[in-house]
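Notes follow once the structure below has been shown.
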Amino acid sequence: MIRPKSLQPGDRLAVLGGSSPTSVSVEELTAAVRKMGLEPVLYPSATAKHGYLSGSDAMRAADINAAFADDSIQGIVTTRGGYGFHRILPLLDWKTIKKHPKLFGGYSDVTAMLTALNQICNMEACHMPMVGAWSGDGLDDYSLSFVKAMLFGEPVEYCNPEGQPLTTLVPGKAKGRLCGGNLSLLAASMGTPYEIDTKGKILFIEEVGEPPYKVDGLLTNLRNGGKFDDCAGILLGGFTDCREKTDPATGLTLEEVFRELIVPAGKPTMSGVVCGHCSPSMALPMGRLFKMDADKGTFGPVKK
């Protein structure tokens with residue numbers, strides 16, 4: 001697996017939109033990147049709006065292709081997630097992208113791109129807060145430490161903040177390349193050329209705003225596709241605002257859904273990883289070799 005070079009202070013960072021448009025101004029985006037010690041290069045899709053998309057499919061794909069092809073650009077981070085990244089996957093120049101490996105960061109809807117970079121280009125990618133979240137008051141210290149770890153290769157310990165322990169659903173140890181991301185995007189990949197491959201990997205899953213019955217349906221899609229049977233282990237991240245909004249007695253809790261759909265696969269599983277649509281949130285190097293110990297409640301990269 002290719003690990004793109006870490007950035008250095010002063011490096012040029014491409015800022016673009018691959019999904020939904022951002023409400024953050026050019027000035028705020030520019031200031032946020034410079035505060036991180038990098039030089040922003042805003043592409044047209046960073047501020048474009050085409051309905052619920054940050055520019056047309058052609059524009060968004062062209063920006064990504066151009067940013068990878070430009071050797072003066074050292075890294076690429078999206079403005080936000082939302083919807084639409086999987087629409088442009090067939091328009092991307094994967095041969096050129098593979099020839100010009102560089103840091104690419106985002107999460108949520110950007111899961112589609114992170115997975116494709118791992119599987120098509122054999123390239124690590126960063127599941128991390130996006131530039132829009134860097135602006136304004138910026139990131140909390142915990143989240144910022146992980147963003148800097150992704151951008152600059154700074155050391156970081158992969159553990160939850162104090163007082164937020166992990167829960168072991170299935171005990172055991174596992175080792176494998178980290179894969180996954182947002183549940184809706186993982187489920188949407190099924191049956192396409194970009195379908196998530198979990199064989200021998202540690203699968204990370206997070207979600208936002210979906211009630212338990214919809215989480216149930218999305219997980220069932222992965223379960224029925226053999227993704228839990230194939231993987232080596234499972235890390236469940238933030239399931240933010242995914243609780244039953246009406247009468248809890250009429251449905252299943254998230255915990256019951258996890259135990260009925262994920263636990264039977266028998267793979268080491270932990271829930272409560274502070275990562276996803278939550279604050280604070282860690283960031284994860286998708287594609288990197290990870291290990292997990294569900295008995296001790298620990299996980300992190302395998303040291304060379």
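The values are calculated or read from the model by the stated rules, or taken from the named source; none is laboratory data. Bear in mind that the values here come from a model prediction, so they are computed numbers and not experimental data. Glycine gets a Cβ as well: all are built from the backbone with ideal geometry, and neighbour counts include every protein chain shown. Remember, those area values only see protein heavy atoms, side chains included, never the ligands or the DNA or RNA. Shrake-Rupley method; radii C 1.70, N 1.55, O 1.52, S 1.80 Å.
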Cβ-Cβ under 6 Å pairs, at least 6 apart or on other chains, the range 158-185 side free of Cβ contacts under 8 Å to residues at least 60 places away in the same chain, far side surrounded by 16 or more Cβ atoms within 10 Å (Cβ to Cβ) and not basic (Lys, Arg) | 183/205; 183/207; 183/218
If you take the residues in the range 13-28 that are more than 21 Å from residue 51 (Cβ to Cβ) and touching a Gly at 6+ places or on another chain (Cβ under 8 Å), which one is surrounded by the fewest Cβ atoms within 10 Å (Cβ to Cβ)?
-> 28
Residues that are surrounded by fewer than 20 Cβ atoms within 10 Å (Cβ to Cβ) and either farther than 30 Å from residue 77 by Cα or among the acidic types (Asp, Glu) (or both), drawn from the range 262-280 = 263, 264, 265, 266
Quick one: count up the residues across the range 102-119 that are assigned to a helix (DSSP H, G or I) and at positive phi.
-> 1
Quick one: is residue 80 part of a loop (DSSP other than H, G, I, E, B), open to solvent by 10 Å² or more (accessible area, probe 1.4 Å) and touching a residue at least 12 places away in the same chain (Cβ under 8 Å)?
-> yes
Exception for residue 224 within (1) under 14 Å from residue 166 (Cα atoms); (2) surrounded by fewer than 16 Cβ atoms within 10 Å (Cβ to Cβ) falls at (1)
May I ask you to say which residue of 48, 67 is among the hydrophobic types (A, V, I, L, M, F, W, C), assigned to a helix (DSSP H, G or I) and either modelled with pLDDT of 95 or more or more than 19 Å from the chain's Cα centre (by Cα) (or both)?
-> 67
When the residues of the range 34-71 are filtered to those that are buried (at least 22 other Cβ atoms within 10 Å of the Cβ) and in contact with a Pro (Cβ under 8 Å, 6 or more places away or on another chain), which remaining residue is nearest to residue 4 (Cα to Cα)?
-> 38
Residue check for residue 234: touching a Lys or Arg at 6+ places or on another chain (Cβ under 6 Å), surrounded by 14 or more Cβ atoms within 10 Å (Cβ to Cβ) and not in a loop (DSSP other than H, G, I, E, B) | yes
Here the residues within the range 169-186 that are of a type outside the set (Gly, Ala, Ser) and open to solvent by 10 Å² or more (accessible area, probe 1.4 Å) are 169, 170, 171, 173, 175, 177, 185
Check whether at least one residue in the range 281-296 is open to solvent by 50 Å² or more (accessible area, probe 1.4 Å), more than 29 Å from residue 150 (Cβ to Cβ), modelled with pLDDT of 95 or more and not in a strand (DSSP E or B), and report yes or no.
-> no
So which residues in the range 140-155 are among the hydrophobic types (A, V, I, L, M, F, W, C) and free of Cβ contacts under 8 Å to residues at least 24 places away in the same chain?
-> 144
Tally of residues being within 29 Å of residue 94 (Cβ to Cβ) and over 17 Å from the mean Cα position of the chain (by Cα) across the range 194-217 | 2
If the Cβ limit is 6 Å and pairs must be 6+ apart or interchain, which residue in the range 90-116 that is over 10 Å from residue 185 (Cα atoms) pairs with which residue that is at pLDDT below 95 and in a helix (DSSP H, G or I)?
-> none
